[in-house]
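The values are calculated or read from the model by the stated rules, or taken from the named source; none is laboratory data. For clarity, every value in this text was computed on a predicted model and none was experimentally measured. Reconstructed Cβ throughout: ideal geometry from the backbone, glycine too, with neighbour counts over all protein chains shown. Surface accessibility is based on the protein's heavy atoms, side chains included, excluding ligands, DNA and RNA. Shrake-Rupley method; radii C 1.70, N 1.55, O 1.52, S 1.80 Å.
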Amino acid sequence: KQEVTQIPAALSVPEGENLVLNCSFTDSAIYNLQWFRQDPGKGLTSLLLIQSSQREQTSGRLNASLDKSSGRSTLYIAASQPGDSATYLCAVRDIYNQGGKLIFGQGTELSVKP
Amino acid sequence: EPEVTQTPSHQVTQMGQEVILRCVPISNHLYFYWYRQILGQKVEFLVSFYNNEISEKSEIFDDQFSVERPDGSNFTLKIRSTKLEDSAMYFCASTIGGTATGEQYFGPGTRLTVT
């Protein structure tokens, strides 16, 4: 059974720092992995989608990498800003679920201090 | 930019009552989903829907739950007889295209409180 884990659970950094959020999954048989941002009490905003054949994806200050064989993904945020404060979730879609089911980690709560 | 919308944003209901949560997926999307997030817990998949039928469902999605696409724009989740443990944030999502491998776009959620 696929399990998705994110560490750390919470992270506090000063503004301007570069940071890395980690996501690991137990079964490497995945179609893709998606990173989301969730603000308190709000919905999920898709940040990046990495297909299983890709090694990384970039969007602005965000870069996500995928190492499928080792069951890991990282989300790199460059030059962090207070507006980046939110919970970041990763989710995988594995090959055993043909209906598109995403399996989520518990998230990393990021706080960027001015 | 097109987005998934959900109504209501917050619904309070008494235990045993029926509720219908409504979603309008992005207009050219073909795959639709419901997820839920109990406070402090992970986001959990409930069901996916394609071509007017359920594509996949989780063990949470029992006979108390049903989904429907009553017209060309709405996608609904019905809970027939709500329980206290149904209190959660319910998210609708959609994906473009006819496969379920694309990027999923989520709505803002409906907070369901069962008293």
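Taking segment B:90-113 as the search range and keeping residues that are open to solvent by 10 Å² or more (accessible area, probe 1.4 Å) and more than 7 Å from chain A (Cβ to nearest Cβ), which one is modelled with the lowest pLDDT?
Out of the qualifying residues, it is B:98.
Which ones in segment B:26-48 are touching a residue at least 24 places away in the same chain (Cβ under 8 Å), more than 10 Å from the chain's Cα centre (by Cα) and either within 17 Å of residue A:97 (Cβ to Cβ) or away from every other protein chain (no Cβ under 13 Å) (or both)?
If the condition is that a residue be touching a residue at least 24 places away in the same chain (Cβ under 8 Å), more than 10 Å from the chain's Cα centre (by Cα) and either within 17 Å of residue A:97 (Cβ to Cβ) or away from every other protein chain (no Cβ under 13 Å) (or both), then B:27, B:28, B:31, B:43 are the ones that fit.
Please find, among A:109, A:56, the residue that is in contact with a strand residue (DSSP E or B) (Cβ under 7 Å, 6 or more places away or on another chain), open to solvent by 10 Å² or more (accessible area, probe 1.4 Å), acidic (Asp, Glu) and away from chain B (no Cβ under 14 Å).
Answer to the check: A:56.
Collect the residues in segment B:1-29 that are in a loop (DSSP other than H, G, I, E, B), hydroxyl-bearing (Ser, Thr, Tyr) and open to solvent by less than 100 Å² (accessible area, probe 1.4 Å), keeping them in residue-number order.
Answer for segment B:1-29, where residues must be in a loop (DSSP other than H, G, I, E, B), hydroxyl-bearing (Ser, Thr, Tyr) and open to solvent by less than 100 Å² (accessible area, probe 1.4 Å): just B:9.
Just to verify a result, which residue in segment A:10-43, among those that are of a type in the set (A, V, I, L, M) and over 12 Å from the mean Cα position of the chain (by Cα), is surrounded by the most Cβ atoms within 10 Å (Cβ to Cβ)?
A:30
Name the residues in segment A:95-106 that are surrounded by 21 or more Cβ atoms within 10 Å (Cβ to Cβ) and not β-branched (Val, Ile, Thr), would you?
A:100, A:101, A:102, A:104, A:105 - these are the residues of segment A:95-106 that are surrounded by 21 or more Cβ atoms within 10 Å (Cβ to Cβ) and not β-branched (Val, Ile, Thr).
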